Each structure stands twice: as structure tokens, then as C-alpha cells.
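To start, the structure under review is shown below, and the notes come after it.
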Amino acid sequence: LALFVAMMKLLAGLVFAGVQGTWSLSLRDGDKPASFDCEWRKLAYAYGRKLLPRMGAFESLYYALDLNSDSCHTEMKAEATHSHATPDLPPGWRDAAVFVDVHGDDTQVGSESHPLRSLQVACDRAIAAEIPLVILRAGTHFLTETLTLGPQHSKLLISSYPNERAEVSGGKKLQVTWVPYNLTGANIWVSDVRGQVKEMEALQVDGVRATRARYPNMPQGIEVSCGYGCMIDGSKETWIGPDFQKFGNVTYYTDNTTKHYRNTTKDWFNEYMIGVGGLCSVYDPPVSYWCSEHPSGGGAFAFRTPSGVIYKSPNGPYEHGEDARFFVWRPARWANWMFDVAKYDKERNNFTFGRGGNQGARGENKGGDFFIENLMEELDYPGEFFFDKRTEKLYLFHNGTGAPPRDSIVVPQVKVLVNITGTQWRPVTGIQLKGLRFTASGPTYMMPHGVPSAGDWALDRYSAVFMQGTQHTLIDNCTFERLEGNAVMVSGYNRWATIQHSDFAFLGGNAVAVWGYTNETSRDPGRPGIVLANVPRAGVDGTDGEHPVRTTVQNCSAREIGLFEKQSSFFFQAKASESRILSNIFFNGPRAGINLNDGFGGGDEIAWNLIFSSCRESGDHGPFNSWDRQPFLTRVRTGEPSMIMQWRWIHHNFMVDNFSPQEAIDNDDGSCYYKTHDNFFVYGWQAMKTDFGGHDNHHYDNIYAYVDHALGVDPTLPGHEQYFYGNYVVMQGEQVGTCLPQKQMYGNRYFTPSGKLQEGCQGFGGQVSTTPSDADILTQAKMKLGGLPDISLVI
């Protein structure tokens, strides 16, 4: 871990690229040749353009791969900009549709020539038509409250007008009159915004985020990652320990039902267990595996967080330190907590934490690196803002000359832009969202969070587009940009939801989160007004249907996510099954690119994706991470109730572990039933990993380019062995790693600088040669990814 942390701190010194939101990949890890580092990036650019041809030159991908550098240069290809396809509308749409215009009038009929203004009014009117259809004209449609769609709106299509791009915003556009505040060595302006907003956690200026006044500063603003930088070193501060009696005692529950005992591992994660209450009362519902009687796994102990910190700021003491908000990494950077301040003692520099600490599932006695925000004294850097709630004045350090703009100051407020909610007994069916741009949803990182299952995550059930109790929902050709929380949440009962041909960028949280329910407590805020039965015994039972099944995410791009909640991924899943993640491009995230939080059901497929530059700010992981610490009863494997999950398939992906670097596929704590094959994996400490009772993981026919060693796996019970065969493994050392019997480890091709391997492993399960050329490695990769020489794909 110490080596890993040191490596990540080194990465914090990397230079930024020339486009906002990307940073340089001038990364040289160990003795990996610079020539290969350049060639994989060129291949990734070609592969990405093949996966998503609608992106044209794919400028964001080009700069994220640092292909404009002198040391690794290639020209940007083809079209300069990308375009989204015109939405496919039904015949006769002009006569059938209800039209909405930003200058419309809700007293009108809703025709093309006499449009409405309100989306909610339009959707409610459209359901009376034979073809329920709402068409939005170009412009920004500001919402003052969530657009709510229920079962009565089934089969409704909401689309932009052909060849136009309508924007749905959760922001409040401010009326400002700027006057100078401090123009001596700064460019700070102030405007009275009295009566317009009550709070201002986020701000957009000309469509780009401003940074809330903070220390330390961020050189390029909140939208550009600092890696391990832009933080206060938490190891040098004095942390106030947890208050273990704050919420009273925890109630333990372990399911000892014989037929629920998972017997596939020896002494690891055999039984479903939770704790209710105690320090897990910070969650809603107040339940977690990490408050159970015997949590286990890597670095396992019961959940807790520090109660405060003694911190002497170079700009303090603060006049109103009680208004501060702390963003605190858990030590080892597995997640970050956010705390508001309950009490501030300026004489002792003592900050006592109040609300917060519920944004991650794993606890600690102390905090790690952190920053502090929302203090007037910290308004000292271009691009920062501060809202004085006492005087209702907005201060802005304008990042430009002269006064800030007046007509593009927007405060993100509405947290959920579109809520599509029914039940599995009366679902919302066939809703389609096409060709829309969603932006400026309000921050949700201080909203109630729950612990989805026994992975490391805590999560809020909020998103720009939220769906629960739906069937056949389609999100097509949409853009999700500059949202303060999650973009899409597939919550509880959902069947056959599809998110496709859509783009996600500059998000406060996850791009797509898929999260089901089991009955662990008598109430759950996600299912208001319902008293849940048979709790907590039903917590293990995933057979009641209250979880997403067959969610598809395909042909999407996602980048610059997790700007606030660092435990965010491009795709996250818990208590869901049979998802398909196909032909997507994910890059520039703080944590694992794809995270599967448990082994609920299984049957998932992850294929033909390009993922790189994940884990840019956090410790552990790589492009993909999984856990399976908590068994569940589902019907996915055989159609009958079973504690054993169905196989998951990970194949034909291009994954680069350039910021961890641990391994491309991190099958952590108990992960099982994975078939990982025909992938191109670049970098990492090892090729295959399973630990803490992991089993039934098969790696075969993969290419691993420049790993230290091949295997790091644990022993298994008979009948649940690991397999490693037919792989092409380019190693930097001469040790294979863990040895497996020949029937489990065979037919591999190993390559080392010396052309030798150290003794052991009964012949190493294959042959050894000297390190191949860049061209040889890339030829093998192209064969996996779809052919030679142009990587033609049919996906």
C-alpha cells in the first residue's frame, strides 16, 4: 500500500493537457517502453472512433490520450465535431405531437405554431392522444420542479425537434447586477441576488462550473482533476475520534438459515449479515454489512468516522467557520466523506462535524487528505465564487477581464429532472427520451445515502433521470453534462431499460447507477409509504422482483465523472442482474470505471468497451472492480431459488490500468463466477487477481501487456477452482506468481526481458520467450478487438 500511495502521489505532478477537463498521460510506469506507451494510445484512439463513429474526430478522446504531445503525436482524424442523429419520430408526428417552446404559453393548444411552455403540462396533455408525443424546441427549458411521469404516461415519447437540441435544466437563472468588490490584484465582483435563491452549493458561469471558494485552490477549477494534489495532508492534522455512543447500540442480524448458507468458500462470506442502527444511523435506511457483528475482507472493521478535526488554516481564523464544508478522503483513498460543521471554535481551530459522513460504506477513526470550502476568506483565486447567505450576495472572482457576464449565471437546484416511477404491479412502460440534453441538476452528495450491499459503496438514490417501477424505458441519443449528482439511476423494479448512443461528461457522481432493493428494514426512503415485511430476515431474499434486470448500456461515452463524490463510476451495479455493458468508451474518472458491488444474481455481460484513466485520484482498483461479501437468494442461475449466482462474462474489452496500477480486472473480496476472456489489458501489477475467498474465476485467451507477474490468487475448495490458460502475458519480471495445477493453468505464452522464468509452477503452464516488439503485441490486440489492419467491428 505504501508503494502504491507513493506512486499515486508521483502522478499528481503530471502536467495538464491543453483542453479543459483532460490531463496528460505522459505516464511512464517502471520500465515500460515509451514507444509502447505511445502505440497503445494511438490504437485506443482508432478503436474509440470505430466504436463511436458518431463522435467524428472525437476531440475529447484525442486530448485525453495526449496525442497532441511532441513525444507521441498523431493527427486528429476526420470531422472536427460530432453530431447526434436526428430522433426517429413516428409518422404524422407534426399533427400528433404536443409542442413545447421556451417562449410558449400554457394557455395555448400545444401545436407547432402555438406551443406550450411547461414540460409537465405538455406531458399530461399528450397522454390523451393516440400517439403520446412531446416535442421540445431548441433552447434551455428551465425546470422549477421535477418532471414526474407515472403509469398514466406509458408509451410517451419526449424528443427534441428534428435537427435541434433542446436542453432540460434544473438550474435557476439569476438576475445579476455586478459591481466591483476587489479589483486590486484580483477581479472580484459582487451582486445582490436577494430573494432569488436560499443556498448556492454550485454555480455555472457561461455554462461551465465555477469553483466554490476553497483551500487549497484548484489551478484549473473543479472540472479538471488534480490527481492526488490540491489537498491538505490529513496525516499532519489532529482528528477528533468517532463518538461511538452518538446513536446508541447497533442491532446485529446474521442469517443462519441452513438453505441460505453459501458453501462455495471456506470461512469467507458464507452467510448474509447486517447491522441496524448504531453508527450506521447516518444512512437511510440505517443498515449496513459494515455494522454487522463480524465484517470481513480486506482491511475490515466496523464502520465509524471522525467527529471533527483541529485545523489551523493559513487564511484563518474564519469569521464564519461554522459555514464551512469539509471534503475528506478516507485514508488509503477508497472513498471521500463530506461534512458540514456543527460547531467552530476559532480560538482552538476546532471544527466539530455535523451532517455528513454517509458518502462511503467503509469507516476509519481519522480522515485522510482533505479540503475546506464555502468560506469568504478563501475567495482568492480566478473562477471561485462565494454566496453570503446572511446578506444574500454573490461574490465571483471572474476568470477574465472586466465584469462577469450578466445573462448566463445559473444556480443548479432541481435535483431530479425527470422522475419515471411506477411499481412492478403497475409499471410505467415504454417511456422514451430522445435527443435531449440534461444539465444543471442540483447537488445530491449531502442528501440521504444508503449502503447498497456489502461492497465499499454508499450511494444516494437521486439522479437527473430517475426510473423505478418501469419496463422498456429507452434513453437514446441524449447528453448528460454538468450535472451535480448522478446522471441516470435505475432503481428497484426495472425490466429491459436501455441507455444508448448517449454521452456523459462533467458529472458530480456516477454516469449510470443500477441499484435494487431487498427488505432489510421496515421502511426505505426509496419506497415511501410502504411498510416492508419480514425484516431483516428478508434482506437475503432477491426473489421478490424489486431489482433491475436486463439493463443495457451501449454505444455511450462517459468522461470527467465523480467531481464531488469520488467513489463514483461510469457504471455501478448493486442488487441487480443480467446487465449488458457493450461498446462504450469510459475515461477520466476518480475510481474504478465499472463497479459491481455484489454477486446478486449474475448473468451480466461486459464487452467491447474501451476504458482508461480510471482511479486517477483514489487508491486500489483499476478499470473494473467487484466484490461479493454478501450472499443473496435469486432465481437467475437456474430459474429456481439459489444462493449461487450465474456466470458473468467480460470479453473483448480494451482496458488500460494506467493510473492505479493494480490490475485491469480487480476481482476483490469473494468475487466469483467470472469468465474473463479475449480482452486486451494494458499495464497493472498482475494479470489475474482473486482474494479473500474468491473462486470460480477463469481468465483465458487474454492479452496482458506489461504486468509485473501473472497471477495472485487464493486457494479454493474442490470444484471451485481458478483457471488461467491460453493467455499472452508480457511481464516485467520473471515470476509467474501463484502456481496452479496444470489442469487449471496451461497453454499460456509468457514474455520476459530475459526470456526466462524463475523455477516453479510445473513448467509455468506454458512457454516463455523474450519481450515481443510493440508491433507484435498490437497485432495480437487488433485480432482480439475485431480484425486487421483497421480494427473493423460489427457491434
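The values are calculated or read from the model by the stated rules, or taken from the named source; none is laboratory data. Small disclaimer: the values here were computed from a predicted structure and weren't measured. Don't worry about glycine lacking a Cβ; one is built from the backbone with ideal geometry, like all the others, and counts go over all protein chains shown. Heavy atoms of the whole protein, side chains included, go into the accessibility calculation; ligands, DNA and RNA do not. Shrake-Rupley method; radii C 1.70, N 1.55, O 1.52, S 1.80 Å.
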List pairs: first in segment 319-348 and in contact (Cβ under 8 Å) with a residue 12 or more places away in the chain and closer than 20 Å to Asp456 by Cβ, second open to solvent by 40 Å² or more (accessible area, probe 1.4 Å) and among the hydroxyl-bearing types (Ser, Thr, Tyr), Cβ under 9 Å, 6+ apart or cross-chain?
-> Pro331/Ser235
Segment 559-671: strands (runs of 3 or more DSSP E) wholly inside it with 2 or more residues that are open to solvent by 10 Å² or more (accessible area, probe 1.4 Å) are 580-582, 648-651
Unmet requirement for Ser769, which otherwise passes all of (1) open to solvent by 50 Å² or more (accessible area, probe 1.4 Å); (2) outside any strand (DSSP E or B); (3) of a type in the set (Gly, Ala, Ser) | (2)
Out of all the residues in segment 233-256, which are exposed (fewer than 12 other Cβ atoms within 10 Å of the Cβ) and closer than 30 Å to Thr543 by Cα?
-> Asn256
Is there a residue being more than 30 Å from Ile431 (Cβ to Cβ), open to solvent by 10 Å² or more (accessible area, probe 1.4 Å) and of a type in the set (Gly, Ala, Ser) anywhere in segment 200-209?
-> no
Here, strands (runs of 3 or more DSSP E) confined to segment 194-297 with at least 3 residues that are under 30 Å from the mean Cα position of the chain (by Cα) and not β-branched (Val, Ile, Thr) are 273-277
For segment 156-166, does any single residue satisfy the condition of being within 30 Å of Asp476 (Cα to Cα), touching a strand residue (DSSP E or B) at 6+ places or on another chain (Cβ under 7 Å) and among the β-branched types (Val, Ile, Thr)?
-> yes
Can you tell me which residue among Phe654, Phe600 is in contact with a helix residue (DSSP H, G or I) (Cβ under 8 Å, 6 or more places away or on another chain), among the hydrophobic types (A, V, I, L, M, F, W, C) and more than 19 Å from Ser225 (Cβ to Cβ)?
-> Phe654
Residue selected from segment 20-45 under the condition among the small types (Gly, Ala, Ser) and modelled with pLDDT under 95, by the criterion farthest from Asn555 (Cα to Cα) | Gly30
Given (1) in contact (Cβ under 8 Å) with a residue 24 or more places away in the chain; (2) surrounded by fewer than 18 Cβ atoms within 10 Å (Cβ to Cβ), where does Gly719 come up short, assuming only one miss?
-> (1)
Just wondering, is there one or more residues in segment 344-354 that are out of contact with any His (no Cβ under 9 Å at 6 or more places or on another chain), surrounded by 23 or more Cβ atoms within 10 Å (Cβ to Cβ) and of a type in the set (Val, Ile, Thr)?
-> no
Of all residues in segment 775-795, which are at pLDDT 95 or above and open to solvent by less than 30 Å² (accessible area, probe 1.4 Å)?
-> Ile777, Leu778, Ala781
Quick one: which of Val309, Val341, Val328 is closer than 12 Å to Ile372 by Cβ and either open to solvent by 10 Å² or more (accessible area, probe 1.4 Å) or part of a loop (DSSP other than H, G, I, E, B) (or both)?
-> Val341
Among residues of segment 267-287, those that are within 14 Å of Gln630 (Cα to Cα) and either without any contact (Cβ under 8 Å) to a residue 12 or more places away in the chain or open to solvent by 20 Å² or more (accessible area, probe 1.4 Å) (or both), counted = 4
Of everything in segment 727-739 that's open to solvent by 30 Å² or more (accessible area, probe 1.4 Å) and not hydroxyl-bearing (Ser, Thr, Tyr), which residue is nearest to Ala781 (Cα to Cα)?
-> Gln732
Output yes when any residue across segment 537-554 is hydrophobic (A, V, I, L, M, F, W, C), at pLDDT 95 or above and surrounded by 22 or more Cβ atoms within 10 Å (Cβ to Cβ), and no when none is.
-> yes
Within segment 699-716, residues more than 18 Å from Phe269 (Cα to Cα) and open to solvent by 10 Å² or more (accessible area, probe 1.4 Å) come out as Tyr700, Asp701, Tyr706, Asp708, His709, Gly712
Note on segment 477-492: residues assigned to a strand (DSSP E or B) and within 21 Å of Ala166 (Cα to Cα) are Thr479, Phe480, Glu481, Val488
Give the residues of segment 432-476 that are in a loop (DSSP other than H, G, I, E, B), open to solvent by 10 Å² or more (accessible area, probe 1.4 Å), out of contact with any Asp or Glu (no Cβ under 6 Å at 6 or more places or on another chain) and of a type outside the set (A, V, I, L, M, F, W, C), sorted by residue number.
-> Arg461, Tyr462, His472
Got at least one residue in segment 308-325 being within 30 Å of Lys575 (Cβ to Cβ) and in contact with a strand residue (DSSP E or B) (Cβ under 7 Å, 6 or more places away or on another chain)?
-> no
Selection from segment 493-528 of residues that are buried (at least 19 other Cβ atoms within 10 Å of the Cβ), in a strand (DSSP E or B) and touching a Ser or Thr at 6+ places or on another chain (Cβ under 6 Å) = Asn494, Asp503, Val514, Trp515
Does Lys743 qualify as being among the charged types (D, E, K, R), open to solvent by 20 Å² or more (accessible area, probe 1.4 Å), under 22 Å from Ala775 (Cα atoms) and assigned to a loop (DSSP other than H, G, I, E, B)?
-> no
Scanning segment 61-80 for residues that are under 25 Å from the mean Cα position of the chain (by Cα) and open to solvent by less than 20 Å² (accessible area, probe 1.4 Å), which turns out farthest from Ala505 (Cα to Cα)?
-> Asp66
Restricting the search to segment 460-478, which residues are more than 19 Å from Ser502 (Cα to Cα) and of a type in the set (Val, Ile, Thr)?
-> Thr470
Any idea which of Thr251, Thr257, Thr238 is modelled with pLDDT of 95 or more and more than 19 Å from His294 (Cβ to Cβ)?
-> Thr238
Take Asp696 and decide whether it is under 30 Å from Pro53 (Cβ atoms) and either open to solvent by less than 40 Å² (accessible area, probe 1.4 Å) or over 32 Å from the mean Cα position of the chain (by Cα) (or both).
-> no
